[in-house]
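Take a look at the structure set out below.
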Amino acid sequence: MDAQKAIKEYGKYYRIALEEGRFDNIEEKMKTFEKRLKEMYSSENFKKHNIYPTINVTYVYAVIAMCLEIRDLGYSDKEIIEILNRGFDKRRDRYRKIIAFLNNLPNSFSIARRWNINDHKKRVEEGSITYDYFNVSKDKVEYSISKCMYVEMFETYGIRGLCKIFCMTDEFAYSGLTKHVNFIRHSDLSDGQACFDEVIRR
């Protein structure tokens with residue numbers, strides 16, 4: 001996706017977040033967001049980060065730009081996450097339907113197990129995530145991550161804690177897979193030393 005198309009596409013969700021949050025001067029805020037994101041897409045940081053096939057860096061940078069814009073208005077990390085989650089809620093509708101379908105399958109844990117194995121393989125190959133360990137058994141997947149490029153991108157812009165927005169996507173997915181899967185997140189890298197998760201057959 002080219003920069004201008006991305007700015008227009010992701011700007012739609014930022015506008016929704018601003019409208020849902022009842023912000024004033026929305027058109028002015030949209031212009032400053034678009035200007036910031038355009039500059040970010042032209043930066044050396046973007047070129048350095050945009051090398052991982054499994055990460056939609058264009059999207060990640062759009063979210064970072066939104067976070068920076070709202071932070072500049074004086075909002076806390078917790079408030080920013082709530083504001084942006086409202087903006088992206090409709091975007092998650094398709095994923096909710098897929099997750100609901102998978103939840104009703106008797107082999108939903110096996111699907112989640114295979115997804116984790118495949119994701120681990122791809123992340124290691126491209127170097128986007130560093131695992132301290134990745135253990136798989138018939139009924140459990142357990143791993144610890146000490147470095148993640150999602151977090152590194154947010155850290156580059158001084159807002160590491162706001163990467164929680166992406167860390168929460170796993171919790172969102174597994175919250176809909178409750179029939180046969182138990183997901184336990186002990187910690188994540190947005191505010192901890194490691195991302196430590198367990199995915200267990202229920």
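The values are calculated or read from the model by the stated rules, or taken from the named source; none is laboratory data. Just so we're clear, the structure is a prediction, and the values are computed from it rather than from any experiment. Please note: Cβ atoms are built from the backbone with ideal geometry, for glycine as well, and neighbour counts cover all protein chains shown. Each accessible area value is taken on the protein alone, full model and side chains, heavy atoms only, with ligands, DNA and RNA left out. Shrake-Rupley method; radii C 1.70, N 1.55, O 1.52, S 1.80 Å.
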Restricting attention to region 41-58, does a residue exist that is in contact with a Leu (Cβ under 8 Å, 6 or more places away or on another chain), aromatic (Phe, Trp, Tyr) and part of a helix (DSSP H, G or I)? no
Take the residues of region 156-202 that are modelled with pLDDT under 95, in a loop (DSSP other than H, G, I, E, B) and hydroxyl-bearing (Ser, Thr, Tyr): which is farthest from residue 130 (Cα to Cα)? 178
May I ask you to list the residues in region 125-141 that are open to solvent by 40 Å² or more (accessible area, probe 1.4 Å), of a type outside the set (Ser, Thr, Tyr) and within 25 Å of residue 107 (Cβ to Cβ)? 134, 135, 136, 138, 139, 140
Here the qualifying pairs (Cβ atoms under 7 Å; residues six or more apart or on different chains; first in region 152-171 and closer than 11 Å to residue 68 by Cα; second aromatic (Phe, Trp, Tyr) and modelled with pLDDT of 95 or more) come out as 162/154
Any hit, region 83-95, residues being without any contact (Cβ under 8 Å) to a residue 40 or more places away in the chain, β-branched (Val, Ile, Thr) and part of a helix (DSSP H, G or I): no
Counting only residues in region 89-120 that are among the aliphatic types (A, V, I, L, M) and within 16 Å of residue 198 (Cα to Cα), the one least open to solvent (accessible area, probe 1.4 Å) is identified as 112
